[in-house]
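First up is the structure itself, then whatever we jot down about it.
The values are calculated or read from the model by the stated rules, or taken from the named source; none is laboratory data. Computed from a predicted model, the values in this text were never measured in an experiment. So basically every Cβ, Gly included, is an ideal-geometry build from the backbone, and we count neighbours across all protein chains shown.
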Ligand code: FAD
Ligand code: NAD
Ligand code: ISD
């Protein structure tokens, strides 16, 4: 049988893929022109929900409620949406091989397809502790979280072990969000991470101390410093405790591990230029092969405002990069061009009653304001990062939409500051001027 051929193929069915599909439709797409291949069993959804609303003890978010593009205020795209638009959505279909030169791909089941233009959007997966040889790390009861099946397994485990003990290994995004969910579900939570404070990729020690204090106030025990050296396992092969390098052993009915992400580069490895652990793209998300684009977590793109090449593993960039790549593809077909991607980095998180947003770059000195007196009941404070006398990044906990917009504006404007003391005293009102 002749191989099926598509004008456009997206490999990966996550956030960037879903937003790219919407942009193809917006720009004008004929039935049968676009196919999406996804290893997941469900149509693209807003992944952030998995570590927040999906794990809520009551009124939990469930599909189809959080299919893209609801996370940015757009319409929901359930599987029927793709059918209506003439898009072939190949779910449960892992792509095992892409041949850039031949413009073909093959699924794990051995079916081959051809394409004219490829967008790779396979995102990242989690780093497993078994990769660094931690004994017992593959025991039952040890959970990681990236896709919906893993979230379902965690929901079932939280129900089965209600009132039990949970250990969260890692103090990054997954660690902070999952510790809160486990606690809200009634488990007795211990967090353990090797660094001196949580969220070390973003937070200053001062910022971290607020979140750690807040979590402790919720009854969460935090063990900072020790490394996880192994797991104790019961006779059935289920985890029963976490072993630490300070000699302590922490009992656990459930373990959740969040020790970082790994970009899924396998399909294009060795075929296009790589950078920063992903693939090097230009300001239109085009790789060194002109008919191959890479978006989302995998793209090492020119971050114009910082004159740097970066990869960003956050949802706002996944959405915007998917859209931008499609706009560039469609413009090129008409012999036109669009402005290069000019991104203001934006990350956020929510846990318990807390909610923060960050814009820009966390380089230079972090100047935290409003921190004194900040507590569970009054948690509005922020941090400006200042380098060479200029604002580089802005963080706000507990902001209103208007206040968060001010943070985006000040991070984009990168104004000069007077003294750090003045900045600290001005707090939010400094950003209000931009
Ligand atoms: P993904 O959304 O991960 O999608 C990749 C897709 O490709 C997946 O469906 C995967 O199954 C599929 N795939 C992989 N390999 C293949 C293959 N060989 N063949 C076919 N399909 C394949 N960011 C924030 O800014 N805020 C948040 O609150 C936030 N919360 C998060 C919560 C969780 C639990 C996780 C895991 C991430 C969170 N992020 C958050 C990060 C954000 O979700 C990611 O940066 C974003 O999803 C990346 O989009 P992507 O399209 O590149 O990859
Ligand atoms: P992360 O990089 O944010 O945090 C990893 C944490 O694990 C760090 O605290 C680090 O010190 C710790 N760590 C590293 N090695 C360890 C080890 N051997 N033992 C114990 N701790 C160790 O990564 P993550 O939290 O796993 O998140 C995975 C991916 O999901 C990332 O791409 C992240 O951006 C994304 N994510 C983002 C959000 C958000 O933006 N709100 C939410 C969830 C997930
Ligand atoms: O936490 C989130 C988030 O940022 C999303 O985009 O959940 C999703 C949707 O808002 C869930 O409806």
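General remarks:
- Residue in the stretch 366-383 that is within 16 Å of ligand 3 (Cβ to nearest atom) and surrounded by 14 or more Cβ atoms within 10 Å (Cβ to Cβ) present: no
- Check on residue 279, closer than 21 Å to residue 391 by Cα and buried (at least 16 other Cβ atoms within 10 Å of the Cβ): no
- For residue 125, the criteria (1) within 16 Å of ligand 3 (Cβ to nearest atom); (2) surrounded by 14 or more Cβ atoms within 10 Å (Cβ to Cβ); (3) closer than 22 Å to residue 322 by Cα hold in every case but one, which is (1).
- Within the set 384, 359, the sole residue that is within 30 Å of residue 119 (Cβ to Cβ) and either touching a residue at least 12 places away in the same chain (Cβ under 8 Å) or assigned to a helix (DSSP H, G or I) (or both) turns out to be 359.
- Any hit, the stretch 104-115, residues being more than 11 Å from ligand 1 (Cβ to nearest atom) and crowded, with 19+ Cβ neighbours inside 10 Å: yes
- Selection status of residue 318, more than 18 Å from residue 406 (Cα to Cα) and modelled with pLDDT of 95 or more: yes
- Going through (1) closer than 22 Å to residue 293 by Cβ; (2) touching a residue at least 12 places away in the same chain (Cβ under 8 Å); (3) surrounded by fewer than 18 Cβ atoms within 10 Å (Cβ to Cβ) one by one, residue 26 falls short only on (2).
- Entirely in the stretch 110-172, the strands (runs of 3 or more DSSP E) that have 3 or more residues that are within 16 Å of ligand 2 (Cβ to nearest atom): 124-126, 165-169
- Residue count for the stretch 242-291, restricted to those that are in the same structural domain as residue 324 (by TED's automatic domain parsing) and over 23 Å from the mean Cα position of the chain (by Cα): 8.
- The residue of the stretch 332-353 that is farthest from ligand 2 (Cβ to nearest atom), among those that are more than 28 Å from residue 391 (Cβ to Cβ) and surrounded by 15 or more Cβ atoms within 10 Å (Cβ to Cβ), is 332.
- Taking every residue in the stretch 261-284 that is within 22 Å of residue 328 (Cα to Cα) and pairing it with any residue that is within 13 Å of ligand 2 (Cβ to nearest atom), at least 6 positions away or on another chain, the pairs with Cβ-Cβ distances below 8 Å are 278/263; 278/297; 278/298; 278/311; 279/298.
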